[in-house]
Protein chains: 2
Amino acid sequence: MEISGPAFFIGKGDDSLISFGSGQPDMPPPVEAFDILKTYTGFKYGPVQGEEPLRAALAEKYAGSTADDFVITNGASEAIDIVLRAISKEGGTVLLPRPYYYSYPFNVRYAGMTPVYYDLVDGKIDFDIFAQVLDEATAVVINSPSNPTGTVQNVDTLKKIEALCAERGVWVISDEVYKDIIYVRENYLIQGPKVVTINSFSKTYAMCGLRVGYVYTQNKELVEKIVEMRTHTAMNTSIVGQMMALAALSSPASYIAHNLEVWKARRDMMVSGMRELGLDLWEPEGAFYVLPKFEDSGRTVAELYEKHRVITYDGAWFGAPGRVRFSYALDASKIIEGLSRLKEFLTEK
Amino acid sequence: MEISGPAFFIGKGDDSLISFGSGQPDMPPPVEAFDILKTYTGFKYGPVQGEEPLRAALAEKYAGSTADDFVITNGASEAIDIVLRAISKEGGTVLLPRPYYYSYPFNVRYAGMTPVYYDLVDGKIDFDIFAQVLDEATAVVINSPSNPTGTVQNVDTLKKIEALCAERGVWVISDEVYKDIIYVRENYLIQGPKVVTINSFSKTYAMCGLRVGYVYTQNKELVEKIVEMRTHTAMNTSIVGQMMALAALSSPASYIAHNLEVWKARRDMMVSGMRELGLDLWEPEGAFYVLPKFEDSGRTVAELYEKHRVITYDGAWFGAPGRVRFSYALDASKIIEGLSRLKEFLTEK
C-alpha cells in the first residue's frame, strides 16, 4: 500500500484506530466562543481587513501594535498563501528550513516563486548555514515552535536572523501558530519593517475548523496590498468565526495555561514511552509533535496503519524521510494504547 | 475628490446617506440558518472539499450531479480565484465580457493570466463578436445575470457558447451567483466537461458576510486539483458557515420566492423612477443592479456623494465609463428618497 500524504487519512476515524496523525487540538475551544452563537444574527459583509474589535483585541496582545497592523484571514493557511502572493516577484526564491511544514513548498510554488531549502541541525537552525544560503532570497519562512520537529529555535539565532534579514531587506515570514504551546520559555516575537507574523486561533483556542487566522505586520504597504488582493480573492473572513475568535480572546488566561499543562503531560508521556522503546528523537520543546527516526519511514507508516491500526505521518512529507511524525493531540488513554501498539510493531520487526 | 473604487465607501454608513453602492441583500437569511447556532458545538477540521451533507444537498439542486462534483469555498470570490489558479497556464488568456464584475480582471492577473475583453451590445453577448475574439483563450467567464449590467443572456447565445467552447476545449467559468434572482425566465445552467459553475449563498440566502460559496463541475480532475490546492491555501471552509448554509437550503421555497417579489418591485420602482428622470438604461432582467448612462460618471459619483449624500459606483470600475451602477438592495422608502436626491442632482446640472 502506498500512502501518498496526509489527505489519505482524512475521514478515516473509526474507533479501532489510534490517530497520531492530524495536528488539531482535541480539547474544545473556550466556552465563551460558543456562547456568542446563541444570539448571533449578523449576515452582512464586514471589512475585508477584519472586524475592528477583533483586530483591536489582538493589538493588545502585541506590544507596540495597532488594530491597523492586522488582517484577519481564513486560518494561517490563507495568511501564508496571501502573504506569499502579495510579496511574490518573478524569479523570487523563498528559504525554507527542512524538515518543514508540508504546505510551505506548495505555497511558495503557488505564489510563483521557488523554494530553497537548508537543513536544520538536530531540529535547530544553524545560523552559519542559514547565512550562507540566504543569498538573494525574497523571503525566509521561520516556524518556531515547529511542525513537524517540535523544536523551538534559540532566541539568539532568531535575533541574528532578524538582524541579517533586516540588513539585507529580506522578508521574514514567521509562522508562530504554536506560540502559546511552548514548554521551555516564552515566545520570542521576531520584529521589523519587513517581518510578517502568521498566527491563528486554531491551535491556541482549538478552533481549527472555524478557520480564523491573521497576519500581523508593521509594514503598512503590505497590509494595503493584502487587503486589496483579498477584496477580489476572499472578501472578509467569516464574520461569525471572527466573533467567536473575539470571544475566545476574552476567555480567562487559565484556558491557555490549563491546556499547556495537558500538552506538557502528554509530551512527557510520549517522550518517555518512545525512549523506553529505544527510539531516537528530539524532545519536543513546543507544539505537539514528535519526530522519531525509523529506518524506512514509508513502510513504517503503512504497516502501523494496516497491521496495528495506528495513524502516523511519514516524515518524507515534511522533507524528513527516515523519520515519522506523531501528533499527540489525543487523550492520554489513547496515547498509552498507541504506544503499546507501537511496541508490538517494533517487537515484530 | 477622487473616489478610486468601491473600497472608498466601506464603513461609510451613517444615516444621512442613501447607499445604492454595495451589492448585498438587506433582507435577512432564512431563520433556519440562525436556528442551528443555538446548539452548535463543532470545532474540528472538516473535509477540504466541504461537508458531505452540504454537498449532497447541493447535488439535489443540480440534475445529474453528485456530492463529489462540488467544492465548498469561502464565497464565490475564493471559488473564482481558486478555479483560475487551478487552470492557469503560462501565457494563458481569459475572455471577459465588458462591462464586467470588477474583480474579474484582478482574479485573472492574480492567477498569472491575461484578461482579454469584448464589449456587450446593449448588455448582451453578441455571439459573432464572442466567436471572433475567442481565439486561443484558456477560459471564458460568463456572468448571467450580470453584475453590473442587470442583464440576463439569451438562452440561444448561452447554448452556442457552450457548444463552441466544448468544441475548442475552452474552459467556461459560469458565475451564476444571481441565478435565483431572475425576473424574465428560469436560469439556464451551462454544462459540459470543461464547464465550471460558480455560486454562493450570499445573494440567494443573504449570507454575504458568512462567506460560503461553491464550485460545481463534472470535471473530476479539476475537483481533485482544487482540493489539493486548498489543502495548502485554505483548508475547509468555516464549518459553522457550512452548517448555516445547509440549514438555509432546508428553508421553504417561499423564502426565495418572496425575496424575488421584493427584488422585482424594487426593480420596477428604480426603472420607472429613472425613466421619469430621463435616464438611459437597460431594464434589469436579473440581479439587483441598474447601470444608467451619465456623461461624466466619475464626477457624477463624486457629486452624488458629496452634495447629495448618495453612494453609487462608477461604471468605470466595471469597464463601463459613462455609466453609473445603482444597487437596489435597499428598502423601498430609501429608494424613493434616493431617487428624489438623484432628481435634485439632475436638476441642478
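For segment A:246-266, state whether one or more residues are touching a Gly at 6+ places or on another chain (Cβ under 8 Å) and modelled with pLDDT of 95 or more. Checked against the condition, which is being touching a Gly at 6+ places or on another chain (Cβ under 8 Å) and modelled with pLDDT of 95 or more, segment A:246-266 yields no hits at all. Taking A:T73 as the residue in question, decide whether it is within 28 Å of B:V48 (Cβ to Cβ), at pLDDT 95 or above, surrounded by fewer than 21 Cβ atoms within 10 Å (Cβ to Cβ) and of a type in the set (S, T, Y). So A:T73 fails the test. Kindly establish whether B:I142 is assigned to a helix (DSSP H, G or I), among the β-branched types (V, I, T), under 20 Å from the mean Cα position of the chain (by Cα) and at pLDDT 95 or above. Here the answer is no, as B:I142 does not meet what is asked. Taking B:G192 as the residue in question, decide whether it is among the small types (G, A, S) and closer than 30 Å to B:S88 by Cβ. Yes; evaluated as a whole, the condition is true for this residue.
Considering A:V301, A:V262, the condition of being over 17 Å from the mean Cα position of the chain (by Cα) and within 17 Å of A:I181 (Cα to Cα) is satisfied by A:V262 alone.
Residue-by-condition table, conditions (1) of a type in the set (D, E); (2) at pLDDT 95 or above:
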position	(1), (2)
A:G23	no, no
A:V31	no, yes
A:D35	yes, yes
A:T39	no, yes
A:G42	no, yes
A:V48	no, yes
A:E51	yes, yes
A:L54	no, yes
A:A57	no, yes
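In segment A:285-301, the residues that are acidic (D, E) form Cβ pairs under 7 Å with partners that are not in a loop (DSSP other than H, G, I, E, B), at six or more places apart or across chains, as follows: A:E285/A:I182. Taken together, the criteria place A:E285 among residues that are within 16 Å of the chain's Cα centre (by Cα), modelled with pLDDT of 95 or more and of a type in the set (D, E). Scanning segment A:106-132 for residues that are in contact with a strand residue (DSSP E or B) (Cβ under 7 Å, 6 or more places away or on another chain) and either in contact (Cβ under 8 Å) with a residue 60 or more places away in the chain or aromatic (F, W, Y) (or both) returns A:Y117, A:Y118, A:F130.
Of all residues in segment A:133-190, those being more than 25 Å from A:R85 (Cβ to Cβ) and surrounded by fewer than 16 Cβ atoms within 10 Å (Cβ to Cβ) number 9. Scanning segment B:1-22 for residues that are under 21 Å from B:S340 (Cα atoms), in contact (Cβ under 8 Å) with a residue 12 or more places away in the chain, in contact with a strand residue (DSSP E or B) (Cβ under 9 Å, 6 or more places away or on another chain) and among the small types (G, A, S) yields a total of 3. The one condition from (1) facing chain B (nearest Cβ under 8 Å); (2) within 20 Å of A:S146 (Cβ to Cβ); (3) of a type in the set (S, T, N, Q) that A:N199 does not meet is (1). Exactly one residue out of A:I226, A:I256, A:I239 is within 14 Å of another protein chain (Cβ to nearest Cβ) and either under 21 Å from the mean Cα position of the chain (by Cα) or surrounded by fewer than 22 Cβ atoms within 10 Å (Cβ to Cβ) (or both), and it is A:I226.
So is A:A63 among the aliphatic types (A, V, I, L, M) and closer than 12 Å to A:Y214 by Cα or not? In short, no. Restricted to segment B:242-253, and to residues there that are polar (S, T, N, Q) and surrounded by fewer than 21 Cβ atoms within 10 Å (Cβ to Cβ), the residue that is farthest from the other protein chains (Cβ to nearest Cβ) is B:S250. Of A:Y102, A:Y45, all but one fail to be under 30 Å from B:P28 (Cβ atoms), hydroxyl-bearing (S, T, Y) and in contact (Cβ under 8 Å) with a residue 12 or more places away in the chain; the exception is A:Y45.
Yes/no per residue for (1) among the hydrophobic types (A, V, I, L, M, F, W, C); (2) surrounded by 19 or more Cβ atoms within 10 Å (Cβ to Cβ); (3) not assigned by TED's automatic domain parsing to the domain that holds A:D314:
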{"site": "A:L96", "(1), (2), (3)": "yes, yes, yes"}
{"site": "A:N107", "(1), (2), (3)": "no, yes, yes"}
{"site": "A:M113", "(1), (2), (3)": "yes, yes, yes"}
{"site": "A:V116", "(1), (2), (3)": "yes, no, yes"}
{"site": "A:D122", "(1), (2), (3)": "no, no, yes"}
{"site": "A:D126", "(1), (2), (3)": "no, no, yes"}
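Being in the same structural domain as B:I181 (by TED's automatic domain parsing), over 24 Å from B:T312 (Cβ atoms) and among the basic types (K, R) is a condition met by at least one residue of segment B:27-38.
The values are calculated or read from the model by the stated rules, or taken from the named source; none is laboratory data. Quantities reported herein were computed from a predicted structural model and do not represent experimental measurements. With ideal geometry, Cβ positions are generated from the backbone for all residues, glycine too; neighbour counts draw on all protein chains shown.
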